[in-house]
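S.K.: Here you go, one structure.
All of the numbers you see were taken from the coordinates with simple rules; none came from a lab. A quick note: this is a predicted structure, and the numbers were derived from the prediction, not measured. We place every Cβ from the backbone using ideal geometry, glycine too, and count neighbours over all the protein chains shown.
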Amino acid sequence: MVSKQTKTDVILIGAGIMSATLGTLLKELAPGWDITVFERLGQPADESSNEWNNAGTGHAALCELNYTVEKPDGSIDVSKAIKINEQFHESLQFWSYLVQNNRIRNPKEFIMPLPHMSFVQGEENVTFLKKRFDALANNPLFQGMEFSDDPQKLKEWIPLMMEDRIVTEPIAATKIESGTDVNFGALTRMLFDYLAKKGVDIRYKHHVDDMKRTSDGLWELKVRHLVSGEVEHYVAKFVFIGAGGGSLHLLQKSGIPEGKGIGGFPVSGLFMVCNNPAVAEQHHAKVYGKAKVGAPPMSVPHLDTRFIDNKKMLLFGPFAGFSPKFLKNGSLLDLITSVKPHNLLTMLAAGAKNMPLTKYLIEQVMLSKEQRMEELREFIPNAKSEDWDLVVAGQRVQVIKDTPAGGKGTLQFGTEVVAAHDGSVAALLGASPGASTAVHVMLEVMEKCFPEQMKAWEPKIKEMIPSYGVSLMKNETLLRDVQALAARTLGLKETVALELV
Ligand SMILES: Cc1cc2nc3c(=O)[nH]c(=O)nc-3n(C[C@H](O)[C@H](O)[C@H](O)COP(=O)(O)OP(=O)(O)OC[C@H]3O[C@@H](n4cnc5c(N)ncnc54)[C@H](O)[C@@H]3O)c2cc1C
């Protein structure tokens, strides 16, 4: 069966936004390197990066309440919000560079300006939102944010959500115009089109079955063509495992010690999509609420205007759920086969520790359509069942590992780069904040894996991403410049830039 062995410089496993971003960065920095991509599906962006499989929020902490935590003394910790906002700015700068330099075109097809809002009810939540607003409003990164607890003002901001609402308790919202809706599927496809034109060898319907280190320190991948069944072996100096939910299995196959003791727990997602354009037309924002008790942070309910296939749509969710698959197109055996002797105790500890999450997921799976409609009616009081359909979104595999702070079997909700000590292989695990911070996370992969080249690459990185290595919060002039550039090149609202002038 084994036909040949092919040598290449870089192998990217998976054709999602992460491989697309890393491949594009490397083509700018090391144009002479040979890159090969393997994707088990027939086209790019068919798993989590697909526009129907994620929420398309350009996560910049403008509306996500879980990025600002209330400390025991009642003050608000905004450090995570600042970090995520600055990371999203790195994505905006790189995308601006790509558009400006004709690597990709028609930014409207992948990014649209859209107000980001947080919406809460009940005295305690309103107090929290006001404190959050006070902690962020004077920060240059969040300039332009408004707060209101006046139902009349909210009617102006979110008419669909306020129509027929009986206000019996305090209610409040924040609004900021500089938010975005990002079609990560469209962006991923554009980047792979560009990479193909630049000579990157992209092989669809190719499944990476196995990988092992060769005696001379390279990586040999066993790749199966899913149509012909033919097996080929590819050898590379560097491998990026950007296989989304498939990354954990491949990391385990690599056998690197850095991958030991790590487990994964899949959480599936479901959205409701409005099939009535007259209703969708009445809303224009991404409105994030507060997570329910026991809910994982990525299950914060939100009502989102989306731009998909040049159409304005309205989606609500995500509802969480459980499936043992690690990929939407994965296998029911994914979870069980990810349990190995080295992570068994970690997985068992996680199971025992996360009973509220398990209970929450089971309840979510059991919800009927009418029960889901009731959750939607907290956002749109007069929502009609016939106007809404259910769509299955992507799978997120949360990392489980032992941590000094959380102890054995701690569930992680972030994104994690796991790299071999010699930088010859890196895997991306986890899914939050996800695609929005792809540029920052891929720069982190490069720092871990190409420390020697990074010095020489730095001037070019700074040309593409001027805020690389700089705090935008502390450098307002640069912040203004990069926001103005994003407004000009990506068609984001000019007010984003003008607000700060
Ligand atoms: C419900 C939901 C909502 C989300 N909302 C947001 C949001 O609003 N904003 C945001 O920024 N992020 C969001 N995310 C996260 C975001 O979608 C992901 O972080 C991002 O798409 C991950 O990209 P990726 O390239 O790592 O993985 P993917 O896009 O999943 O790509 C991985 C690819 O690898 C392939 N693959 C797997 N195994 C193999 C193998 N063995 N051989 C060959 N190919 C393989 C898969 O087929 C797949 O195409 C959301 C995710 C979900 C599930």
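S.K.: Relative to the longest principal Cα axis of the chain, at what angle does helix 184-197 sit, 0 to 90 degrees, rounded to 10?
M.R.: Its long axis makes an angle of about 30 degrees.
S.K.: So which trypsin sites (Lys or Arg not before Pro) in segment 373-449 end up in coil per DSSP with only 15 or fewer other C-beta atoms within 10 Å?
M.R.: Details: sites: ARG377, LYS384, ARG396, LYS401, LYS408, LYS448; in loops: LYS384.
Loop-located and lightly packed - LYS384.
S.K.: If you add up the charges near VAL10, with Lys and Arg at +1 and Asp and Glu at -1, over every other residue whose beta carbon is less than 12 angstrom from its beta carbon, what do you get? Please report the intermediate quantities before stating the final value.
M.R.: Working: positive: LYS7, LYS27, LYS237; negative: ASP9, ASP34, ASP201.
Residues near VAL10 contribute 0 overall.
S.K.: Here's something else I'd like to know. Using alpha carbons only, what's the Rg to Rh ratio of segment 269-335 with Rh from Kirkwood? Numbers along the way, then the final one.
M.R.: Numbers: Rg = 14.6 Å, Rh = 13.6 Å.
Expressed as Rg/Rh, it is 1.07.
S.K.: A further question on this structure: Would you give the gap between the C-alpha center of segment 444-488 and the C-alpha center of segment 345-387, rounded to a whole Å?
M.R.: 40
S.K.: Which of TYR360, TYR204, TYR288 comes first, and how do the rest follow, when ranked by fewest Cβ neighbours within 10 Å? Let's see the in-between values first.
M.R.: Working: TYR360 21, TYR204 18, TYR288 26.
By the 10 Å Cβ count, ascending, the order reads TYR204, TYR360, TYR288.
S.K.: How about segment 95-203: which GluC sites (Glu not before Pro) there are in a DSSP loop, with at most 15 other Cβ atoms within 10 Å of their Cβ? Mind dumping the intermediate values first?
M.R.: Numbers: sites: GLU109, GLU123, GLU124, GLU146, GLU156, GLU163, GLU177; in loops: GLU163, GLU177.
Passing sites in segment 95-203 are GLU163.
S.K.: Place a label point 7 angstrom from the Cα of ASP34 along the Cα-to-Cβ direction, then list the residues of segment 177-204 whose backbone nitrogen is under 19 Å away.
M.R.: 195-204
S.K.: Given LYS328/LYS401; LYS27/LYS237; LYS80/LYS290; LYS325/LYS369, which pairs have Cα atoms separated by over 19 Å? Don't skip to the end; give the middle numbers.
M.R.: On the way: LYS328/LYS401 23 Å; LYS27/LYS237 16 Å; LYS80/LYS290 17 Å; LYS325/LYS369 23 Å.
Distance filter (> 19 Å) returns LYS328/LYS401; LYS325/LYS369.
S.K.: Using label points projected 7 Å from each Cα along Cα→Cβ, tell me how many nm separate LEU333 and THR127, to one decimal.
M.R.: Distance between label points: 5.4 nm.
S.K.: Taking Cα pairs under 8 Å and at least six residues apart, what relative contact order does the chain come out at, in percent? It would help to have the intermediate numbers written out before the result.
M.R.: Details: 1028 pairs, mean separation 111.1, N = 501.
Result for the chain is 22 percent.
S.K.: Also, I was wondering about something else. So what is log10(I(q)/I(0)) for segment 139-256 at q = 0.12, 0.13 1/Å, when the Debye sum runs over its Cα atoms only?
M.R.: For the requested q values the scattering log ratios are -0.70, -0.73.
S.K.: Tell me the angle of helix 123-136 to the major Cα principal axis of the chain, expressed in degrees between 0 and 90 and rounded to the nearest ten.
M.R.: 60
S.K.: Another question, if that's okay. When a footprinting reagent is the concern and you count Cβ atoms within 10 Å, what order do THR168, THR57, THR8 take, fewest first? Walk me through the numbers on the way to the answer.
M.R.: Working: THR168 7, THR57 26, THR8 18.
Going from least to most buried by this count: THR168, THR8, THR57.
S.K.: How far is it, in nm, from the label point at ALA405 to the one at GLU452 when both lie 7 Å from their Cα along the line to the Cβ?
M.R.: My value for the distance between the label points is 3.5 nm.
S.K.: Nearest 0.05, what FRET efficiency do GLU463 and ARG203 give at R0 = 35 Å with Cβ-Cβ as r? Write out the running numbers ahead of the final one.
M.R.: Details: r = 31 Å, r/R0 = 0.89.
Efficiency, from the Cβ-Cβ distance: 0.65.
S.K.: Quick check on the exposure proxy: order SER118, SER323, SER215, SER79 from fewest to most C-beta atoms within 10 angstrom.
M.R.: Details: SER118 28, SER323 17, SER215 5, SER79 10.
Ordered by Cβ neighbours within 10 Å, fewest first: SER215, SER79, SER323, SER118.
S.K.: Can you say what percent of the DSSP beta bridges in the chain, counting only those with both residues inside, are antiparallel? Round to 5. Kindly include the intermediate steps, with their values, before the conclusion.
M.R.: Values: 63 of 85 bridges.
Given both bridge residues lie in the chain, the antiparallel proportion sits at roughly 75 percent.
S.K.: A further question follows. Please list the three semi-axes, largest first and in whole Å, of the ellipsoid equivalent to segment 1-153, using sqrt of 5 times the eigenvalues of its alpha carbon gyration tensor. It would help to have the intermediate numbers written out before the result.
M.R.: Details: eigenvalues 331, 59, 50 Å².
Semi-axis lengths for segment 1-153 are 41, 17, 16 Å.
S.K.: Also: In Å³ and rounded to a whole number, note down the convex hull volume per residue for the Cα atoms of segment 378-501. It would help to have the intermediate numbers written out before the result.
M.R.: Values: hull volume 28.2 nm³, N = 124.
Roughly 227 Å³ of hull volume per residue.
S.K.: Considering only C-alpha atoms, what is the centroid distance from segment 388-417 to segment 271-318, in Å?
M.R.: Spelled out, the Cα-based centre of one part sits 22 Å from the other.
S.K.: Hey, another quick one. Could you work out the Rg to Rh ratio of segment 264-414, with Rh taken as the Kirkwood radius (inverse of the mean 1/r over all Cα pairs)? Please report the intermediate quantities before stating the final value.
M.R.: Details: Rg = 17.3 Å, Rh = 16.8 Å.
That ratio is 1.03, to two decimals.
S.K.: Still on this structure: Per residue of the chain, what 222 nm ellipticity follows from adding -39500 (n - 2.57) for every DSSP H run with n ≥ 4, rounded to the nearest 500? Write out the running numbers ahead of the final one.
M.R.: Values: 16 runs with 167 residues, N = 501.
Value at 222 nm, helices only: -10000 deg cm²/dmol.
S.K.: How fast does the chain diffuse by Stokes-Einstein, in µm²/s, taking the Kirkwood radius from C-alpha pairs at 10 °C and 1.306 mPa s? Could the numbers behind the result be given before it?
M.R.: Values: Rh = 23.5 Å.
Taking Rh from Cα pairs, D becomes 68 µm²/s.
S.K.: Something else: Please find the FRET efficiency linking SER228 to LEU367, where r is the Cβ-Cβ separation and R0 is fixed at 56 Å, and quote it to the nearest 0.05. If you can, show how the numbers build up before the last one.
M.R.: Details: r = 43 Å, r/R0 = 0.76.
That pair, SER228 with LEU367, gives E of 0.85.
S.K.: Another question, if that's okay. May I ask for the angle, rounded to the nearest 10°, between helix 438-449 and the longest principal axis of the chain, with both axes built from Cα atoms and the value confined to 0 to 90°?
M.R.: Rounded to the nearest ten degrees, it is 30.
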